[in-house]
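Working notes, structure below.
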């Protein structure tokens, strides 16, 4: 930790026992597992398939997808912090991580049944929303394990390594989907191109990917001390949640960070949810082109995450966030002005370099600030800050897209959210965060 971060000591938890390399690798591997859902379902493949083949048209499909993401965001905002508090009281974080992972796998696999017809749109939206909730809540418990896995001196490095592995997983997952499912003509495995089965099968592939690579963490994660039975944990957790909220509101450092993160994370989540849709609708990219873009973006994102991970603990978490979010807002504004697919490609790859550092530095900073005895609850607040206004981005994007009949106008919402979060964090007198 650098000199400018010295006052963080008051917020940091005592150093836990250092986890072994197998536990650290299994923790990072969970990011690798989760990358399948983000890349295949949320951003590049299934979202594009929904807009181009399931919804009546790209504009109404974008608006419907935004509504589903809004519902998911509200559910996450309501559930994350209470479940985190229950996990703190009962020592059940690993169990709840397993339950959420199982729900994620089931909902993702069920997307196979979404056929290319408008009548299947409600089912598709319900399954994606359910999977999104399971994914985000699972990461509450996953992120809360970071201090036990890494220790204070290596929070940034291990968090960045996890993000880097996530992007590497996205590259491999997308590449395999391209080679095994999207590209072959005729399709492998007897799949029907007329029924979009090669694209639909990517959901089955993603669900299997998540299940296989999440298992090591569920088996090797440090076992928490069982503190209370479930019913007692529920009562105590909900009771202490109010105290945690009051403490967070009274903590100037934590409060300003969470509000700033609320804004720029809303922008990032909206970008992830609609980036592939924007590429398909505005630049006419098909499933294969969007898939190739996804692979290229994961390459640059992995490079950015790994590069910043090597220096994040030295330059400070706040500085890392400011550099990354500022670059995302600036490049995002240029994307809106792009008129050719080639220019869009170059700018999109530039965006990828800064996505991982923004998220990784935010996670490690929260791990430094969270008290040990309420860590899951605080990461619930962390998820809350990323989702309490999570409906605003998709809802605003959908409304602006519909009002102007323009995806470019809708995507301007992303730039506005990123810039607002950057300004709040940059102008705040938060010496404790570097």
> Quick one: if you stick a label point 7 Å off each Cα along the C-beta vector at residue 219 and residue 246, how many nm between them?
Replying inline: 4.5 nm
> What FRET efficiency, computed as 1/(1 + (r/R0)^6) with R0 = 51 Å and r the Cβ-Cβ distance, is obtained for residue 95 and residue 255, rounded to the nearest 0.05?
Replying inline: 0.95
> In nm, to one decimal, how far is the modelled label at residue 113 from the one at residue 179, with both set 7 Å along Cα→Cβ?
Replying inline: 3.2 nm
> Once the piece of chain linking residue 188 and residue 333 is laid out straight, how much longer is it, given 0.36 nm per residue of separation minus the C-alpha distance between them?
Replying inline: 48.1 nm
> Could you state the number of Å between the C-alpha centres of the stretch 397-417 and the stretch 130-144?
Replying inline: 27 Å
> Which FRET efficiency value, to the nearest 0.05, do you get for residue 57 and residue 372 by plugging their Cβ-Cβ distance into 1/(1 + (r/R0)^6) with R0 = 56 Å?
Replying inline: 0.60
> So for the pair residue 343, residue 408, with labels modelled 7 Å out along Cα→Cβ, what separation do we get in nm?
Replying inline: 0.9 nm
> Between residue 288 and residue 126, what length in nm is gained on full extension when 0.36 nm per residue of separation is reduced by their alpha carbon distance?
Replying inline: 55.8 nm
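A short reminder: the numbers here are calculations on the coordinates, not readings from a lab. The structure presented is a predicted model; accordingly, all values stated were derived computationally and were not measured. With ideal geometry, Cβ positions are generated from the backbone for all residues, glycine too; neighbour counts draw on all protein chains shown.
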